[in-house]
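The values are calculated or read from the model by the stated rules, or taken from the named source; none is laboratory data. Computed from a predicted structure; not experimentally measured. Cβ coordinates were reconstructed from backbone atoms using ideal geometry, including for glycine residues, and neighbour counts include every protein chain displayed.
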Amino acid sequence: MNKQLRGGYHFKILWVDLTSGESRVVPFGEEFALKYIGGRGFGAKILFDHLDRIKDPLDPTNVLIIAPGPLTGLYLPGAAKTHVVSLAPLTGIYGDSNMGGNFGPELRQAGYDALVITGRAKELSYLWIDDDDVAVVRAPRLAGKGALDAERGVKEELQSEDIRVAAIGPAGEKLVRFATINSDWSRNAGRCGMGAVLGSKNLKAIAVRGGKDLPVADVPGLRLLTERSLRDLSNHPMFEFWQQQGLMSVIDYLNTAGGLPTRNFQQNVFEHADQINGFKMEREFKIGDTACFGCPMSCGNICLVKNGDHKGTVTEGPEYESACTLGSNLGVSDFASILKGNQLCDDLGIDTISAGVLVGTMIEAVETELLTPSEVDGMKLEWGNAGQITKLIHKIAQREGVGDILADGSKAVLAKWPQLKPILVQTKGMEQSAYDARATISMALAYGTCDIGAHHTRAWTVGKELEAGSKWTNEDRVDIVIYHQTIRPLFDMLGVCRLPWIELGFDERRYAEYYSIVSGIPHTLDDLLERARVLYDLTRLISTSRGISRADDYPGPRMFELPISGGQYEGRVVDREQYEDLLDLYYEKRGWSKDGIPPAETAETFADSLS
Amino acid sequence: MPKRLSVVPERCSGCRLCESACALQHFGVSNPKKSAVRVIALYPHPTIRMPVVCRQCSHPKCRENCPTDAIYIDNGIVKIDPEKCVSCRQCVISCPFGAIFVHDDVPTPFKCDLCGGHPACVQACPKGALQYVPEHELGEANRVASVLRYAHMKEVEYVEKGEPKKLRYAQIGREQSE
């Protein structure tokens with residue numbers, strides 16, 4: 001029985017088997033809750049328990065876990081996040097991706113700490129979770145619909161605006177390996193291809209509505225602390241600017257620093273950056289702010305194209321990653337086209353980062369004659385040609401012609417065209433996020449050792465190394481990467497957004513205070529960090545069991561081979577010898593073998609049961 | 001001077017901090033579904049986020065339609081008397097704004113009571129989309145805007161290098177910024 005925990009959990013996981021159409025509520029115990037905390041922790045553990053049974057990421061045997069955290073839905077800044085975990089279609093290894101919006105809070109209000117989906121529905125369906133009532137509803141009429149249309153369709157069918165919907169677009173249905181799950185209009189679980197997992201299960205959408213109280217041990221304490229938090233955030237000198245531009249301010253920051261990926265990572269300064277930056281957006285396109293549940297920072301920008309070819313296009317976004325991968329990285333300087341591309345990716349349900357990097361690779365391949373025009377269906381692929389780029393994105397989502405190859409992601413592209421290896425920037429089959437790593441070798445290590453592939457959310461060390469890195473030893477670099485890979489996943493376990501901490505100097509110890517207040521058990525930040533640190537061994541185990549080892553822990557060859565062109569770091573590449581040293585030291589500190597494998601007894605520490 | 005809870009939808013980001021704060025204030029729980037203010041978000045056409053909350057009408061439809069006279073006005077605030085209320089929910093569907101709410105756990109419909117003059121939602125709103133202002137200020141933004149619109153259409157005559165010219169207020173400052 002639960003003795004200590006007085007809040008944070010309903011102690012219920014909703015388990016849905018789409019093959020039989022049946023759902024059941026699985027309870028879990030206090031030890032499980034405290035050890036894995038929630039979100040990414042619950043997801044990784046449940047995936048680990050099922051690993052032996054999973055034949056392939058797109059097979060009905062795969063499990064998809066949607067898990068908010070113990071702080072999700074509460075009255076505190078950024079309490080919006082929900083984590084999606086599954087064996088990833090893009091990489092074949094541990095995969096996760098999170099989304100904000102209102103879906104996670106609603107799922108918690110329905111009384112569940114996690115939702116687990118297995119099996120495969122006979123025909124296209126959606127899942128309807130109405131508090132305690134759960135139903136799998138046939139929905140052939142939603143076939144082929146965009147994610148935004150599907151969300152509207154489900155809300156209309158259920159005749160309520162008071163529900164939250166997560167849906168996939170046509171790309172998810174077509175099993176594009178970087179398909180997203182889109183919720184609350186434009187909040188995507190973008191990476192790893194979680195949308196394809198839903199597609200493989202014939203599940204077009206998940207609708208949820210809940211009205212339950214969220215368990216909190218010390219309610220007055222929560223109110224007081226959040227009043228202080230809201231005051232702290234709004235007093236930050238960058239608060240207002242952040243509300244105005246959100247992540248779009250990063251374009252200028254990186255372009256000035258000489259780190260804005262341009263034309264498939266060939267250059268680091270985009271000559272038209274002023275055409276795609278936050279000020280351009282504010283002046284000509286922005287019509288409103290939007291925020292995830294419970295967040296005062298409202299980093300979402302709602303933009304409208306008021307004239308020209310894309311007139312009438314409305315999108316929530318872009319944020320930095322999309323503006324870079326669909327903008328500078330493709331040589332596109334027309335902001336309206338970026339908005340259109342962003343809206344298209346949301347609706348088709350594909351990841352803007354993977355799509356942008358793959359399209360950029362194609363353009364460069366055609367330009368440098370690594371591919372012939374006929375190999376790309378005779379398309380006139382060139383930098384900045386937004387029309388052709390849009391067409392290629394459509395082809396990916398619909399799996400037409402060359403799009404069918406790209407839709408299977410980097411691994412498939414390299415299998416078909418090995419000559420693209422030097423120019424396709426990826427790790428473990430995941431296309432790299434929009435931050436260069438050549439001027440900051442710690443970022444190269446961050447990409448190499450990120451548990452899902454070349455993604456920036458596990459560790460982002462660019463800013464710190466640019467500021468202070470010249471004095472760093474290798475050990476400093478490894479330490480900062482591991483610290484990031486510990487604290488950032490902690491946010492994913494608690495179910496909160498990391499941006500208040502990153503952008504507005506929100507003290508990370510505040511989250512330990514929150515967890516203590518909510519759970520009723522005093523915790524220090526170190527207590528929580530230890531659980532997050534151990535979890536990195538678990539996600540590594542999942543991936544090593546699927547064949548990952550040292551050989552996979554490198555950023556794309558381009559980071560070692562092609563010197564930076566443009567900006568103050570001109571000529572820099574990642575030093576291979578130093579990288580090997582960093583990797584050795586990294587494994588040593590993790591307690592993994594020289595080949596990057598955790599010791600055999602590690603698995604036993606995760607053999608505990610849910611109850 | 002009586003004060004009014006006023007909504008500026010253009011500023012709302014849809015974060016729902018107001019909902020959480022309201023439910024904590026009135027029911028002591030973290031549950032936006034027990035809030036007397038609700039944010040409705042529509043997308044993509046038209047795009048809007050807007051908090052819905054009681055306007056404390058002087059001639060409330062909810063009171064007019066209440067079969068048991070449970071609704072009364074106390075010092076400008078529309079209130080529901082739980083003793084008289086039979087929970088028929090007539091008020092919920094009568095309110096033209098949809099600003100009266102129900103929840104399974106709560107015996108009678110509930111609505112905004114302005115928190116005794118210090119609305120928790122206003123304090124929590126990070127965007128200034130909810131304002132608690134003296135009644136006479138309502139509409140002031142529109143009054144000023146309409147005067148500005150008129151003024152911007154006006155033309156000022158002046159002479160430059162001996163030539164008479166006309167300038168519209170609306171043009172001033174535009175040249176430099178472009």
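Of note:
- Residues located in segment B:32-53, provided they are in contact with a helix residue (DSSP H, G or I) (Cβ under 8 Å, 6 or more places away or on another chain), touching a residue at least 24 places away in the same chain (Cβ under 8 Å) and either at the interface with another protein chain (Cβ under 8 Å from one of its Cβ atoms) or not in a loop (DSSP other than H, G, I, E, B) (or both): B:K33, B:K34, B:V37, B:R38, B:V39, B:I48, B:R49, B:M50, B:P51, B:V53
- Test for B:C22: is it touching a residue at least 40 places away in the same chain (Cβ under 8 Å) and touching a Cys at 6+ places or on another chain (Cβ under 9 Å): yes
- Of all residues in segment A:417-468, exactly one satisfies the criterion of being of a type in the set (D, E) and within 26 Å of A:I405 (Cβ to Cβ), namely A:E431.
- Test result for B:V102, within 14 Å of chain A (Cβ to nearest Cβ) and under 30 Å from B:E19 (Cα atoms): yes
- On the stretch given as segment A:51-81, residues that are surrounded by 18 or more Cβ atoms within 10 Å (Cβ to Cβ), more than 14 Å from every other protein chain (Cβ to nearest Cβ) and not in a loop (DSSP other than H, G, I, E, B) total 4.
- Residue selected from segment B:54-87 under the condition among the small types (G, A, S) and farther than 30 Å from B:P126 by Cα, by the criterion nearest to the other protein chains (Cβ to nearest Cβ): B:S87
- Set A:T315, A:T390, A:T352: member being within 24 Å of A:E173 (Cα to Cα) and modelled with pLDDT under 95: A:T315
- Residues located in segment A:329-385, provided they are charged (D, E, K, R), in contact with a Gly (Cβ under 7 Å, 6 or more places away or on another chain) and surrounded by 22 or more Cβ atoms within 10 Å (Cβ to Cβ): A:D347, A:D351
- Enumerated helices (runs of 4 or more DSSP H) restricted to segment A:152-245, each holding at least 2 residues that are within 14 Å of another protein chain (Cβ to nearest Cβ): A:219-235, A:239-245
- Failed item in (1) in contact (Cβ under 8 Å) with a residue 40 or more places away in the chain; (2) under 24 Å from A:T361 (Cα atoms), with A:N342 passing the rest: (1)
- Just one of the listed residues (A:M297, A:M281) is within 30 Å of A:T82 (Cα to Cα), aliphatic (A, V, I, L, M) and either part of a helix (DSSP H, G or I) or touching a His at 6+ places or on another chain (Cβ under 8 Å) (or both), and it is A:M281.
- Residue that is nearest to the other protein chains (Cβ to nearest Cβ), among those in segment B:3-18 that are in contact with a strand residue (DSSP E or B) (Cβ under 6 Å, 6 or more places away or on another chain) and closer than 21 Å to A:G300 by Cα: B:S13
- Residue within segment A:257-265 that is among the basic types (K, R) and either over 29 Å from A:G384 (Cα atoms) or not in a helix (DSSP H, G or I) (or both) present: yes
- Restricting attention to segment A:300-318, the residues that are in a loop (DSSP other than H, G, I, E, B), farther than 30 Å from B:N31 by Cα and touching a residue at least 12 places away in the same chain (Cβ under 8 Å) total 7.
- When residues of segment A:108-150 are limited to those that are of a type in the set (A, V, I, L, M, F, W, C) and part of a helix (DSSP H, G or I), the one surrounded by the most Cβ atoms within 10 Å (Cβ to Cβ): A:A147
- Only one of the numbered conditions (1) within 26 Å of A:D289 (Cα to Cα); (2) of a type in the set (K, R); (3) surrounded by 13 or more Cβ atoms within 10 Å (Cβ to Cβ) is not met by B:K111, and that is (1).
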